[in-house]
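Read the structure below first, then the notes.
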Amino acid sequence: MQLALAEARLAFAAGEVPVGAVVVRDGKILARAHNRVERDNDPTAHAEMLAIRTAARLLGTPRLVDCDLYVTLEPCAMCAQAVSLARFRRLYFGAYDPKGGGVEHGAMVFARETCHHRPEVVGGVNEVEAAELLRRFFAERR
């Protein structure tokens, strides 16, 4: 999670919502990314999506079965669905997102009967640090 937080700090410095993600398999980092929505003019350029795309290309497969995803914020519904489609083994996330989350809040993608794959989910990892980074980011913009 420390690497995901480092990615989130890079996003903060670039004026992006500070979210970072890291894909790991067998203790090896396959991909790391931070939000690039503003930079890329792409509403799908969330840290999770970028890290998933990179890891899938690296492995040459759309399924990341033996991989874990670390992300600093509870994934939105789009990213949660991508996590399911990629068949991640585990999802670790930092801060909870009552407004935009799609795992424990909102759409609750993995709880739906139509969800094809449900990873093991561990929320609240380094939650205080991840939440503080987000609070600081939005406070500076108000």
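The values are calculated or read from the model by the stated rules, or taken from the named source; none is laboratory data. What you are looking at is a predicted structure, and each value in this text was computed from that prediction instead of being measured. Don't worry about glycine lacking a Cβ; one is built from the backbone with ideal geometry, like all the others, and counts go over all protein chains shown. What goes into the accessible areas is simple: the full protein's heavy atoms, side chains included, and nothing from ligands, DNA or RNA. Shrake-Rupley method; radii C 1.70, N 1.55, O 1.52, S 1.80 Å.
Tally time: how many residues in the range 10-48 are assigned to a helix (DSSP H, G or I) and out of contact with any strand residue (DSSP E or B) (no Cβ under 8 Å at 6 or more places or on another chain)?
Number satisfying all stated conditions: 6.
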>> Among the numbered criteria (1) closer than 17 Å to Leu134 by Cβ; (2) in contact with a helix residue (DSSP H, G or I) (Cβ under 7 Å, 6 or more places away or on another chain); (3) surrounded by fewer than 24 Cβ atoms within 10 Å (Cβ to Cβ), which one does Met1 miss?
In response: (2)
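Does the range 9-21 hold any residues that are over 12 Å from Leu73 (Cα atoms) and not acidic (Asp, Glu), and which are they? Lay out the reasoning, then the answer.
Narrowing the range 9-21 to residues over 12 Å from Leu73 (Cα atoms): 9-16.
Residues satisfying the conditions are Arg9, Leu10, Ala11, Phe12, Ala13, Ala14, Gly15.
Kindly provide the set of residues from the range 108-120 that are open to solvent by less than 50 Å² (accessible area, probe 1.4 Å) and either in contact with a His (Cβ under 8 Å, 6 or more places away or on another chain) or not in a loop (DSSP other than H, G, I, E, B) (or both), ordered by number.
Keep residues of the range 108-120 that are open to solvent by less than 50 Å² (accessible area, probe 1.4 Å), which gives 109-110, 115, 117, 119.
Val109, Phe110 - these are the residues of the range 108-120 that are open to solvent by less than 50 Å² (accessible area, probe 1.4 Å) and either in contact with a His (Cβ under 8 Å, 6 or more places away or on another chain) or not in a loop (DSSP other than H, G, I, E, B) (or both).
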> Among (1) open to solvent by less than 50 Å² (accessible area, probe 1.4 Å); (2) closer than 19 Å to Tyr92 by Cβ; (3) not polar (S, T, N, Q), where does Ala45 come up short?
Replying inline: (2)
> Do you know which of the residues in the range 128-142 that are within 14 Å of Gly15 (Cα to Cα) and charged (D, E, K, R) is surrounded by the fewest Cβ atoms within 10 Å (Cβ to Cβ)?
Replying inline: Arg142
>> If Ala8 meets every condition in (1) in contact with a helix residue (DSSP H, G or I) (Cβ under 9 Å, 6 or more places away or on another chain); (2) open to solvent by 30 Å² or more (accessible area, probe 1.4 Å) apart from one, which number is that one?
In response: (2)
